[in-house]
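Student: If you scroll down you'll find the structure; I have some questions about it.
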Amino acid sequence: MNANMNNMGKINANKPKETKVPKETNEKDKLRKKMIKMMAIIAIGVILLLVILWLCSLLIKKDYSYKEIEEILTDAAVSYFDQNKESLPSTESQLVEIDASILAQNGNMKELSEYTKEGVNCTGKVMVQKSGEEYLYTPYLDCGESYSTKELYKVITDASNIVQTGYGLYTYNNSYVYRGETVNNYVELENGLWRIVKVTSDNNVVLIKEEPLEMSYSWDNRYNSNIGYSLGINNYSNSRIKEYLESYYEDKEDEKILSADDKSKIVSYNVCTGKRTETDSTNDNSIECQSAENSQKIGLLTVSDYMNASLDSNCTTTTSKACQNYNYLSIDTSWWLGTAVEEETDSEVFMVNSSGTIEATSASNYAYIRPVIYLNSKVLYASGKGTEENPYKIR
């Protein structure tokens, strides 16, 4: 019996003692479990809410602005031509058009009716044009009386902007020409302000840079055999100034005047390079355009275009001092024109001096450059009134 008791004692001795869990620890565990359960319920609730909102978004039609629909058209066209590069225009003269219905059939966008307001019927298309290495995508949305896409040139040449007297926009030789000292013809590009000189007969918008380029240059500084000195040769096609302009178009490192997006919006044009005399009175570019440097992206203003910007009736010949009057192109800096002087030595060209008068000078002299570009007629109006404070903006 003693032996049994001893064995029982050993067994009891080996049995682990029960650890009593403090009441406080139990409460913490319960609270933790409750928090985890609540967080799970909240997470499930959020997921359910998101699912419900997503389902609602499928059922409820979103209201798109017309600008947003145009952006959808553009993005869809870019996506389409990324898949069909062979369909892109191969030359600048070629224009490719794609309808919104084809973009929808191809899965690049939904049908137009999915974006437009109820009761508003719209048609849409995108025009694609090549400009150098870039492509200009122009969306056109026609929603009847509700909305219609507007190009910049249509806004500029609206009948309400045309004047018969005073400062403003005049009709002249099948073009629209800005004349006077204070005119609302400012356009903002990505890299600065430009001024509208005119809108051509084919609706391209001619721009000149408001501020000259930072450095002054000679028009040409080559050796002239007719004179026997390095006074330059006034042949624009082989001039230094043409080389400078091309380098700026190709993104001169220290001063970029055009972004890639700007370049997609300009067209090549023929830079008129005909020569004239100091006493010539023609102002319709008939002399200057007798010869031209074709298919240029960037150039210089002609004498005729400078004369036409003046409203002074005494601005009658190339070097009339009155041409500086009532002329928004007159600035406090000397700058080059693209027109050379008709002379035997072939060494002189025309510049606008700091007083605003056109004068003949040696091509080897130094003056500043105000580049001229042509905006594509397809460029769309975004906003603005054409004032310096609120210039026209494009898209």
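Student: For the range 315-337, does any single residue satisfy the condition of being under 15 Å from Glu278 (Cα atoms) and basic (Lys, Arg)?
Tutor: So far as the range 315-337 goes, yes, one or more of its residues are under 15 Å from Glu278 (Cα atoms) and basic (Lys, Arg).
Student: Now for a separate question. Is it fair to say Leu329 is closer than 26 Å to Lys256 by Cα, crowded, with 20+ Cβ neighbours inside 10 Å and either without any contact (Cβ under 8 Å) to a residue 40 or more places away in the chain or aromatic (Phe, Trp, Tyr) (or both)?
Tutor: Judged against the criteria, Leu329 is not a match.
Student: If I filter the range 356-367 for residues that are charged (D, E, K, R), in contact with an Asp or Glu (Cβ under 9 Å, 6 or more places away or on another chain), at pLDDT 95 or above and more than 23 Å from Trp194 (Cβ to Cβ), do I get at least one hit? Before the answer, list the steps.
Tutor: Taking the range 356-367 as the starting set, the residues that turn out to be charged (D, E, K, R) are 359.
Remaining after also requiring in contact with an Asp or Glu (Cβ under 9 Å, 6 or more places away or on another chain): 359.
After this cut, where a residue has to be at pLDDT 95 or above as well, the list is 359.
Going one step further and asking which of them are more than 23 Å from Trp194 (Cβ to Cβ), we end up with 359.
Yes, that holds for at least one residue.
Student: Six or more apart or on different chains, Cβ atoms under 6 Å: show the pairs whose first residue is in the range 137-148 and within 22 Å of Val78 (Cβ to Cβ) and assigned by TED's automatic domain parsing to the domain that holds Ser87 and whose second is in a loop (DSSP other than H, G, I, E, B) and polar (S, T, N, Q).
Tutor: Tyr140/Thr149; Leu141/Thr149
Student: Another question, then. Is it true that Thr182 is surrounded by fewer than 20 Cβ atoms within 10 Å (Cβ to Cβ), among the hydroxyl-bearing types (Ser, Thr, Tyr) and over 17 Å from Pro391 (Cα atoms)?
Tutor: Working: surrounded by fewer than 20 Cβ atoms within 10 Å (Cβ to Cβ): yes; among the hydroxyl-bearing types (Ser, Thr, Tyr): yes; over 17 Å from Pro391 (Cα atoms): no.
So Thr182 fails the test.
Student: Can you tell me which residue among Thr171, Thr165 is assigned to a loop (DSSP other than H, G, I, E, B) and either among the acidic types (Asp, Glu) or at pLDDT 95 or above (or both)?
Tutor: Step by step, each of Thr171, Thr165 is checked, and only Thr165 is assigned to a loop (DSSP other than H, G, I, E, B) and either among the acidic types (Asp, Glu) or at pLDDT 95 or above (or both).
Student: Could you tell me whether Tyr186 is outside the structural domain of Ser347 (by TED's automatic domain parsing), under 26 Å from the mean Cα position of the chain (by Cα) and closer than 23 Å to Asn353 by Cβ? Please lay out each step first, then the result.
Tutor: On the way: outside the structural domain of Ser347 (by TED's automatic domain parsing): yes; under 26 Å from the mean Cα position of the chain (by Cα): yes; closer than 23 Å to Asn353 by Cβ: no.
So Tyr186 does not fit the description; no.
Student: I've got another one for you. Only one of (1) crowded, with 17+ Cβ neighbours inside 10 Å; (2) in contact with an Asp or Glu (Cβ under 9 Å, 6 or more places away or on another chain); (3) on the phi > 0 side of the Ramachandran plot is not met by Leu189, so which one is it?
Tutor: Evaluating Leu189 over (1) crowded, with 17+ Cβ neighbours inside 10 Å; (2) in contact with an Asp or Glu (Cβ under 9 Å, 6 or more places away or on another chain); (3) on the phi > 0 side of the Ramachandran plot leaves (3) as the failure.
The values are calculated or read from the model by the stated rules, or taken from the named source; none is laboratory data. Remember, predicted model here, so these are calculated numbers, not experimental data. Here Cβ is always computed from backbone atoms with ideal geometry, including for glycine, and neighbour counts include all displayed protein chains.
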